[in-house]
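To keep things clear, I will list the structure first and then write my remarks on it.
The values are calculated or read from the model by the stated rules, or taken from the named source; none is laboratory data. On a predicted model such as this, the values are computed, not experimentally measured, just so you know. When we count neighbours, we look across all protein chains shown, and the Cβ atoms used for this are built from the backbone with ideal geometry, even at glycine.
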Amino acid sequence: MDLLENKEINDEVARHPWELGRFEIIKKNVHRIHSNMSKNSKRVLVDIGCGDAYVLRRLYGFFDFDRVVGVDVNFTDDNRASLLNVNSRIEYLTHISQLNLESTDQVMILLNDVIEHVEEHIEFLEELKSKLDRVEHCSVFITVPAYQFLFSQHDIDLGHYRRYKVSDLEAYSQQLKMQSQSSGYFFFSLFLIRAIQKWVSGSMKINKVENSKNKDSIGVAEWNGSVLLTRILTWFLRLDYGFLKLMSSLGVQLPGLSAYIVYSK
């Protein structure tokens, strides 16, 4: 969740099923990469654009990384103090430039719905590459909103500059100088809902300035559903992801509301 939405780092705030469902997808990919890391060198997990660090703090409880780092340009001293009070073993930085890595580190970078918020995204990735050039073994896991034809006022309100196809993510290999290991889409059901919404309101113009209902570009929308409804929808989204993985293994790539890619070297 964005820090603008959860300024006080309040873990009692209701999490949207989309956020909970996405966490399960992130966890599966982190597990796969973590299981291939050697215990003979330092294993480092870095979440760039971590927001209120909900994902990072939950992952900390599942995996034994030797170093865990959250990076977010919106961190204030109060944010960092609150987060360190919860878990002082996680580091919190405000910029990639503050991240120091050793050549022998095994690094996993998370960029979960981040680069669509960065106008100068190529420069951003090249700055990240300059850090990763120092390490021999590294993986990068990226998730983004999918399909530019779905771009709408909702994206403007969230502070998005673009949406992606998997092929767009694969093109980033030129900036990162890394090889794509796996990629695809997730949340097919939400893709269908958004596509219908876009088709119904297709004639509506997008106003990037005057019509924005979210001047602070706050992330996940407020969720007021019951605990039971939240669990049901989260479970359904997990099934949705499994269904798309199954279809992909059969050679059928279905669309999704989000796209992902895993790079490694």
#### Entry: Looking only at the stretch 24-47, and only at residues there that are in contact with a Phe, Trp or Tyr (Cβ under 6 Å, 6 or more places away or on another chain) and in a helix (DSSP H, G or I), the one that is farthest from residue 187 (Cα to Cα)
34
### Task
Name, by its number, the condition in (1) of a type outside the set (A, V, I, L, M, F, W, C); (2) touching a residue at least 60 places away in the same chain (Cβ under 8 Å); (3) assigned to a loop (DSSP other than H, G, I, E, B) that does not hold for residue 82.
(3)
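I'd like the full set of residues that are in contact with a strand residue (DSSP E or B) (Cβ under 9 Å, 6 or more places away or on another chain) and either farther than 23 Å from residue 124 by Cβ or crowded, with 17+ Cβ neighbours inside 10 Å (or both), limited to the stretch 65-84. Spell out the reasoning first.
So in the stretch 65-84, the residues in contact with a strand residue (DSSP E or B) (Cβ under 9 Å, 6 or more places away or on another chain) come out as 65-72, 75, 79-80, 83-84.
Residues satisfying the conditions are 65, 66, 68, 69, 70, 71, 72, 75, 79, 80, 83, 84.
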### Tally, over the stretch 239-253, of residues that are within 17 Å of residue 144 (Cβ to Cβ) and of a type in the set (A, V, I, L, M)
1
### Hits in the stretch 48-64 - residues which are in a loop (DSSP other than H, G, I, E, B), crowded, with 23+ Cβ neighbours inside 10 Å and on the phi < 0 side of the Ramachandran plot
50, 52
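Take the residues in the stretch 85-109 that are small (Gly, Ala, Ser) and either surrounded by 21 or more Cβ atoms within 10 Å (Cβ to Cβ) or outside any helix (DSSP H, G or I) (or both), then tell me which one is nearest to the chain's Cα centre (by Cα).
88
State yes or no: is residue 134 assigned to a loop (DSSP other than H, G, I, E, B), within 30 Å of residue 199 (Cα to Cα) and basic (Lys, Arg)? Before the answer, list the steps.
On the way: assigned to a loop (DSSP other than H, G, I, E, B): yes; within 30 Å of residue 199 (Cα to Cα): no; basic (Lys, Arg): yes.
No: the conditions fail for residue 134.
Is it true that some residue in the stretch 15-27 is at pLDDT 90 or above, more than 12 Å from residue 55 (Cα to Cα), aliphatic (A, V, I, L, M) and crowded, with 17+ Cβ neighbours inside 10 Å?
Here is the first cut: in the stretch 15-27, the ones at pLDDT 90 or above are 16-27.
Now drop any that are not more than 12 Å from residue 55 (Cα to Cα), which leaves 16-18.
Subset that is aliphatic (A, V, I, L, M): none.
No, the stretch 15-27 has no match at all.
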### Summary
Restricting the stretch 114-131 to residues that are touching a residue at least 60 places away in the same chain (Cβ under 8 Å) and assigned to a helix (DSSP H, G or I), the one farthest from residue 50 (Cα to Cα) turns out to be 128
### Query
If you go through the stretch 243-255 one residue at a time, do you hit one that is modelled with pLDDT of 95 or more, farther than 16 Å from residue 20 by Cβ and assigned to a strand (DSSP E or B)?
no
